[in-house]
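Participant: I'd like to ask you about the structure that follows.
The values are calculated or read from the model by the stated rules, or taken from the named source; none is laboratory data. In this text the structure is predicted, and so the values were computed from the model without any measurement. Neighbour counts run over all protein chains shown; Cβ positions are idealised from the backbone, glycine included.
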Amino acid sequence: MPFFSLRSRRQLNTCDDRLVQLFTHVVRQYDCTILEGHRDEERQNELYRQGLSKLRWPFGRHNTTPSEAVDVAPYPIDWQDTERFYHFSGYVQGQANALRIPIRWGGDWDRDYDLNDQTFYDLVHFELITVDPSADRPLLA
């Protein structure tokens, strides 16, 4: 059975308990690594300058304490194998639904299941959502 390394566990422990619950559940069946949970101001703004984030501090979901976002990749990581990231995302979203944890994935920001209409892809990014942006109502309340 897969498990998190100490580094992954440290990153995950900076996240909201729901993300901890979700990815602790996910790793039991799908080997993955936690790349990043909470980001401080310097790190967030550096990623923004590099074009790897669309938001400056403190507007990113990684910037809350605890973090409402986490970057997770299937392990071992092969950045060229994007199909594996899509497969992993489907597994994560299925587990999130089963656990009633509403999330959004960085490969389908608008959650319309059209994966070709994105302008920014962040295939490792998962974040909690509490309001359906299209209906302005709570999710899974």
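Participant: Please state which one of GLY106, GLY94, GLY60, GLY90 is closer than 27 Å to ASP117 by Cβ, at pLDDT 95 or above and touching an Asp or Glu at 6+ places or on another chain (Cβ under 8 Å).
Facilitator: Every option except GLY106 fails the conditions.
Participant: Is one or more of the residues making up the stretch 130-137 of a type outside the set (D, E, K, R), surrounded by 14 or more Cβ atoms within 10 Å (Cβ to Cβ) and either more than 12 Å from the chain's Cα centre (by Cα) or part of a loop (DSSP other than H, G, I, E, B) (or both)?
Facilitator: We begin by selecting, within the stretch 130-137, every residue of a type outside the set (D, E, K, R); these are 130-131, 133-135.
Next cut, surrounded by 14 or more Cβ atoms within 10 Å (Cβ to Cβ) only: none.
No, every residue in the stretch 130-137 fails to be of a type outside the set (D, E, K, R), surrounded by 14 or more Cβ atoms within 10 Å (Cβ to Cβ) and either more than 12 Å from the chain's Cα centre (by Cα) or part of a loop (DSSP other than H, G, I, E, B) (or both).
Participant: In the set THR33, THR82, which member is loosely packed, with under 14 Cβ neighbours inside 10 Å and of a type in the set (Val, Ile, Thr)? Give the derivation first.
Facilitator: On the way: THR33 fails: loosely packed, with under 14 Cβ neighbours inside 10 Å.
Exactly one residue qualifies, and that residue is THR82.
The rows are residues; the columns are (1) under 14 Å from the mean Cα position of the chain (by Cα); (2) assigned to a loop (DSSP other than H, G, I, E, B); (3) of a type in the set (Phe, Trp, Tyr).
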{"residue": "ASP71", "(1), (2), (3)": "yes, no, no"}
{"residue": "TRP79", "(1), (2), (3)": "no, yes, yes"}
{"residue": "ARG84", "(1), (2), (3)": "no, no, no"}
{"residue": "SER89", "(1), (2), (3)": "yes, no, no"}
{"residue": "GLN93", "(1), (2), (3)": "yes, no, no"}
{"residue": "ILE101", "(1), (2), (3)": "yes, yes, no"}
{"residue": "ASP122", "(1), (2), (3)": "yes, yes, no"}
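Participant: State all residues of the stretch 1-46 that are assigned to a loop (DSSP other than H, G, I, E, B) and touching a strand residue (DSSP E or B) at 6+ places or on another chain (Cβ under 8 Å); if no residue qualifies, say none. Spell out how you get there, then give the answer.
Facilitator: Here is the first cut: in the stretch 1-46, the residues assigned to a loop (DSSP other than H, G, I, E, B) are 1-5, 13-14, 16, 27-31, 37-40.
Once the filter is applied, which keeps residues that are assigned to a loop (DSSP other than H, G, I, E, B) and touching a strand residue (DSSP E or B) at 6+ places or on another chain (Cβ under 8 Å), the stretch 1-46 yields PRO2, PHE4, SER5, THR14, ASP16, TYR30, ASP31, GLY37, HIS38, ARG39.
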